[in-house]
1. Tell me whether segment 85-102 contains one or more residues that are out of contact with any strand residue (DSSP E or B) (no Cβ under 7 Å at 6 or more places or on another chain), at pLDDT below 95, more than 25 Å from residue 20 (Cα to Cα) and loosely packed, with under 13 Cβ neighbours inside 10 Å.
2. Of the residues that make up segment 11-33, is at least one modelled with pLDDT of 90 or more, within 16 Å of residue 87 (Cα to Cα) and surrounded by fewer than 14 Cβ atoms within 10 Å (Cβ to Cβ)?
3. Those residues that are surrounded by 16 or more Cβ atoms within 10 Å (Cβ to Cβ) and either touching a residue at least 60 places away in the same chain (Cβ under 8 Å) or not in a loop (DSSP other than H, G, I, E, B) (or both), I need them from segment 133-148; list them, please.
4. Taking residue 108 and the conditions (1) within 14 Å of the chain's Cα centre (by Cα); (2) in a helix (DSSP H, G or I); (3) surrounded by 19 or more Cβ atoms within 10 Å (Cβ to Cβ), which numbered condition does it fall short on, given that it satisfies the others?
5. Kindly evaluate residue 51 against the criterion of being touching a residue at least 24 places away in the same chain (Cβ under 8 Å), over 16 Å from the mean Cα position of the chain (by Cα), surrounded by fewer than 17 Cβ atoms within 10 Å (Cβ to Cβ) and assigned by TED's automatic domain parsing to the domain that holds residue 87.
6. If I ask for residues that are under 19 Å from the mean Cα position of the chain (by Cα), part of a strand (DSSP E or B) and without any contact (Cβ under 8 Å) to a residue 40 or more places away in the chain, which ones from segment 58-105 would you list?
7. Please enumerate the residues belonging to segment 149-158 that are touching a strand residue (DSSP E or B) at 6+ places or on another chain (Cβ under 7 Å), in a strand (DSSP E or B) and closer than 18 Å to residue 105 by Cβ.
């Protein structure tokens, strides 16, 4: 990554904070991300040298006008016009990172050996939020390789409360 995406995200966040619209801005960026993820050929079209930049900007405007905030639409037009549309994923990730940090929110993936009940999910969510002092959006996944327990991936760290890890630790102690 070249850092341009982060610069675009920082500028967008400054505007969002000054106008108190960071939630709306994040939602609009999510809308664009989803559209680009679901239509990779559209992103290729936006970088095609065979199409003049004015036409590409017009395509972006038609696709997103009325669907996203005007500042996000402006960002998309700038990225398209400058041939920097490939910087959008970095801009989105950077904005999302800032947004979640400012919102005292984060995302986590929780792996378990079996599907958790709704009560177990709520209890685990509450325990993690208490421990880390943040609201956490959790994606729960079943991992058949786990014998039991839980593995949590969040904020670049891995918290392993699995039975497999505990058994490995016991084995290491016994071998000493």
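1. No, the conditions are met nowhere in segment 85-102.
2. No; the residues of segment 11-33 include none that is modelled with pLDDT of 90 or more, within 16 Å of residue 87 (Cα to Cα) and surrounded by fewer than 14 Cβ atoms within 10 Å (Cβ to Cβ).
3. Within segment 133-148, 136, 138, 140 meet the criteria.
4. Just one mismatch for residue 108, condition (2).
5. Against the criterion (touching a residue at least 24 places away in the same chain (Cβ under 8 Å), over 16 Å from the mean Cα position of the chain (by Cα), surrounded by fewer than 17 Cβ atoms within 10 Å (Cβ to Cβ) and assigned by TED's automatic domain parsing to the domain that holds residue 87), residue 51 does not qualify.
6. Correct list: 105 only.
7. 152, 153, 154
The values are calculated or read from the model by the stated rules, or taken from the named source; none is laboratory data. Since we're looking at a predicted model, the values are computed, not measured. Methodologically, a virtual Cβ is constructed for each residue, glycine included, from the backbone with ideal geometry; neighbour enumeration extends over all protein chains shown.
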